[in-house]
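The values are calculated or read from the model by the stated rules, or taken from the named source; none is laboratory data. Quick caveat: nothing in here was measured; it's all calculated off a predicted structure. Don't worry about glycine lacking a Cβ; one is built from the backbone with ideal geometry, like all the others, and counts go over all protein chains shown.
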Amino acid sequence: MSLFRCRAISLLCMTAAFPAPLLAQDDMPPPDTTADAKEAPVPSEKRIFTPADFTRFAPKTAMDMVNQLPSFSVRSADTSRGLGQASENVLINGQRITDKSGGAIDRLRNVPASDVLRIEVQEAAALGIPGLTGQIANVILKDERKASGRIEWSPRVRPDYAKPALLRGKITYTGNSGKLDYTIGLQNYGNRGAIGGADYVVQDANGVQTEQRDQQVQFNYDNARVSTLLKYGGKGPFQANLNLIYNPYWQRNINSQRRNRTDDRDNNWLTRGRISGYSFSASGDISFPLMGGTLKAIGVRSSVHEPFLNVQTTDYDSAAYPDEGVRFGRDSRTGETIGRIEYHWKGGKNDWELSLERAYNSLDQRGSLAILQPSGLFQDTPFPQGSGVVAEKRYEAILSLSRPLSANLDLQLVGGGELSRLRHVDRNEPTRKFFRPKGSISLAWRPAKGWDASLKFERKVGQINFYDFLAQPDLVLDKENDANPDLVPPQSWQLTAEIGRNFGEWGKTRLKIYGHRIDDIVDFIPIGTDGQAVGNLPRATRFGVEPVSTLQLDPVGWKGAKLDVTIGGQHTRVRDPLTGANRPISNDRNFWAYVNFRHDIPKSQVAWGAYFNIDHYGSAYYLNEINRNWEGPYFGVFIEHKDLAGMKVTFDAFNITDARNHFDRTVYGGRRNVAPVIFREQQRQRVSQIFTLTAVKTF
């Protein structure tokens, strides 16, 4: 067998056996083709990418470069529970971005590609940043950067159901004055979602069709996000950052159905929802040398106003049946305030960091419920369980140690805990207090050239949605979710192993295997004799595998072509609160696959490609019903011109095979462990094709 076939089969077997996309280059640093690359030599255990490695992609931003890293999957920061330890696997100049407004990923979308000196990819445990694991992309920026701007226009249209989204786009400008760097931006990445069609039937318990529905659903969203980022310090020891974001948004939803029944109750069913709110975020940090180390102080304040109104009406054809309707309103305000201090110092081979954090989260919701009367007017009905103030105050202390154990083995130890106080502020209920230990052990190993591996064992505390403490009716599925003041955050033991193999010019593959044991898993639980609410079940397990691979096709003679593949699957188990039998966690993703092919035609400004993706979810288990919603698989194609009148222009056609939105629902006459099935729903609705034109101009 030829050397090519051996290597290609080896790479593709790893891709198929596990989940995979994004592959890499040679583990040898590329030739120094630019002066910038010569300025900063780097250790050989890192994979180094210079701007020359991305020339064929014509990147406009630093994030465009990161997205093309072989066998690298970008992982966003998990900031649902305060700031905590680092989780985002992208750094800027070796530093974690500590905000709750998109982190390094969002900032790099505003950094011109011309400002990038190089990108270093290496194991997280070698960096001494607590919480990081697996492969990390460290984007190193040039010391001297020119002022520049960027305009992007990205209109999107569908042939069916949805209105066009013509105002999608973004404008940013980055400049500097002395030691002060600044970025200002305005963007609207609104969307026009939709599904529709008459492939929607209702059957009785015996499988006899009793109703056929012709449905059209529209989702219209726009925003006007204004942002300002200020960075002071240059190359000096004192560094300061300030990030301000104001984001008003508008959302309108319509679900219109013509329901033709086998009895005389034909009707027009309509649900309309609207939100006109805003979010605001201010975050900043300062860092400076102190007593042989570095002290960093961080502050975050964010708030969201979300006035929401949802109205459902049923208009019967026959005058024998009066019209029906329900109106649910919710005026809610959420807020979060965080103060955090990090002190980092070195002692020999040891990297130490001590962090202290205080966070305060709150929800103030005023809910209302009204019923349509024969007069055609809505009359308010008492709904005290839909209003309330929920607040949590948390204190966290973490100490971490990072050090090399040998030339090819690094260790990171993290230990600490959090103290929290959770309460309903406006109710006569005692404050609940919790202490939860947290920490992790991580190892990074480089057994041989072209190989890397990591192992992490972690105790993690999750976050809860404060809305789940209060009643939240679902008017579309005609379900009531009761208030639950006893909800607590889930906790989990997590074990994650990763191994990567660099095949040089052929690409790279990386395999992740993980297992979680979750205590107090959030699911649906019984309330009273026939109610239900979001609550906690004692425990659950989750096991998964995901390979990510990139196959470079240059060695087979297809110059400029590559294939990125990610395939993943996981198995979950929890004990059902009604039947006592084991079942999957509600609405858990159990399979996913993303395959992307791209060909940059040599000696031209044109690239083209195709892609495939699917996200498959399991069933959602309510107490009186079981339903499942999934979409795809989706196929798409694109063509790109990298310099059309000075612009980078991409045309993308999504869902060219007309894949559908699937929804299956089985409803019981009461608790599903004792009551019979009363009806089943099945819908296979069209999503339609989606065409997007993106034009990017730098100045």
**Prompt:** In the stretch 673-693, which residue that is touching a Phe, Trp or Tyr at 6+ places or on another chain (Cβ under 8 Å) and farther than 27 Å from residue 196 by Cα is surrounded by the most Cβ atoms within 10 Å (Cβ to Cβ)?
**Reply:** 675
**Asked** Do we find that residue 110 is of a type outside the set (D, E, K, R) and without any contact (Cβ under 8 Å) to a residue 60 or more places away in the chain in this structure?
**Response** no
**Request:** Could you tell me whether any residue of the stretch 597-610 is more than 23 Å from residue 692 (Cα to Cα) and among the hydroxyl-bearing types (Ser, Thr, Tyr)?
**Result:** no
**Message:** Looking at the stretch 79-114 only, could you name the residues that are buried (at least 19 other Cβ atoms within 10 Å of the Cβ), farther than 28 Å from residue 648 by Cα and in contact with a helix residue (DSSP H, G or I) (Cβ under 9 Å, 6 or more places away or on another chain)?
**Reply:** 79, 86, 88, 96, 97, 99
**Message:** What's the total number of residues in the stretch 464-484 that are surrounded by fewer than 16 Cβ atoms within 10 Å (Cβ to Cβ) and polar (S, T, N, Q)?
**Reply:** 1
**Message:** Return the pair list, or none, for Cβ contacts closer than 8 Å from residues in the stretch 667-696 that are closer than 21 Å to residue 219 by Cα to residues that are among the β-branched types (Val, Ile, Thr) and outside any strand (DSSP E or B), at least 6 apart or on different chains.
**Reply:** 689/656
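Matching residues to (1) under 20 Å from residue 635 (Cα atoms); (2) of a type in the set (D, E, K, R); (3) in contact with a helix residue (DSSP H, G or I) (Cβ under 7 Å, 6 or more places away or on another chain):
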{"position": "565", "(1), (2), (3)": "yes, no, yes"}
{"position": "584", "(1), (2), (3)": "no, no, no"}
{"position": "604", "(1), (2), (3)": "no, no, no"}
{"position": "609", "(1), (2), (3)": "yes, no, no"}
**Request:** Specify which of the listed residues (496, 550) is surrounded by 21 or more Cβ atoms within 10 Å (Cβ to Cβ), in a strand (DSSP E or B) and hydroxyl-bearing (Ser, Thr, Tyr).
**Result:** 550
**Item:** Residue list for the stretch 642-665, filter: in a strand (DSSP E or B) and closer than 29 Å to residue 684 by Cβ
**Value:** 651, 652, 653, 654, 660, 661, 662, 663, 664, 665
**Message:** Can you pull out every residue in the stretch 139-198 that is without any contact (Cβ under 8 Å) to a residue 60 or more places away in the chain and basic (Lys, Arg)?
**Reply:** 145, 146, 163, 168, 170, 179, 192
**Fill in**
Across (1) within 30 Å of residue 401 (Cα to Cα); (2) surrounded by 19 or more Cβ atoms within 10 Å (Cβ to Cβ), residue 451 clears everything bar (2)
**Qualifying residues in the stretch 626-644 (those that are crowded, with 18+ Cβ neighbours inside 10 Å and among the charged types (D, E, K, R)) - the one farthest from residue 677 (Cα to Cα)** = 642
**Asked** So which residues in the stretch 671-699 are over 29 Å from the mean Cα position of the chain (by Cα) and in a strand (DSSP E or B)?
**Response** 677, 678, 679, 680, 681
**Asked** Can you find a residue in the stretch 472-494 that is small (Gly, Ala, Ser), farther than 19 Å from residue 543 by Cβ and out of contact with any Gly (no Cβ under 9 Å at 6 or more places or on another chain)?
**Response** no
**Fill in**
Checking 658, 600, 615 in turn, the sole residue that is surrounded by 15 or more Cβ atoms within 10 Å (Cβ to Cβ), over 25 Å from the mean Cα position of the chain (by Cα) and within 29 Å of residue 565 (Cα to Cα) turns out to be 600
**Complete:** Quick count over the stretch 640-699, residues being charged (D, E, K, R) and touching a Pro at 6+ places or on another chain (Cβ under 8 Å), is 1
**Request:** Test each condition in (1) modelled with pLDDT of 95 or more; (2) out of contact with any strand residue (DSSP E or B) (no Cβ under 8 Å at 6 or more places or on another chain) for residue 608 and report the one that comes out false.
**Result:** (2)
**Fill in**
Those residues of the stretch 620-640 which are over 28 Å from residue 582 (Cα atoms), in a strand (DSSP E or B) and not hydrophobic (A, V, I, L, M, F, W, C) amount to 634, 636, 640
**Request:** List every residue pair whose Cβ atoms sit under 6 Å apart, with the two residues 6 or more apart in sequence or on different chains, where the first one lies in the stretch 501-522 and is farther than 24 Å from residue 488 by Cβ and of a type in the set (A, V, I, L, M) and the second, anywhere, is modelled with pLDDT of 95 or more and assigned to a helix (DSSP H, G or I).
**Result:** none
**Prompt:** Tell me, which strands (runs of 3 or more DSSP E) wholly within the stretch 155-271 include 3 or more residues that are among the small types (Gly, Ala, Ser) and surrounded by 15 or more Cβ atoms within 10 Å (Cβ to Cβ)?
**Reply:** 191-197
**Prompt:** Which of the residues spanning the stretch 641-659 are of a type in the set (D, E, K, R) and touching a residue at least 40 places away in the same chain (Cβ under 8 Å)?
**Reply:** 642, 643, 648, 652
**Request:** Please list, ordered by first then second residue, the pairs with beta carbon atoms under 6 Å, 6 or more apart or interchain, first in the stretch 366-390 and farther than 17 Å from residue 470 by Cβ, second of a type in the set (A, V, I, L, M) and at pLDDT below 90.
**Result:** none
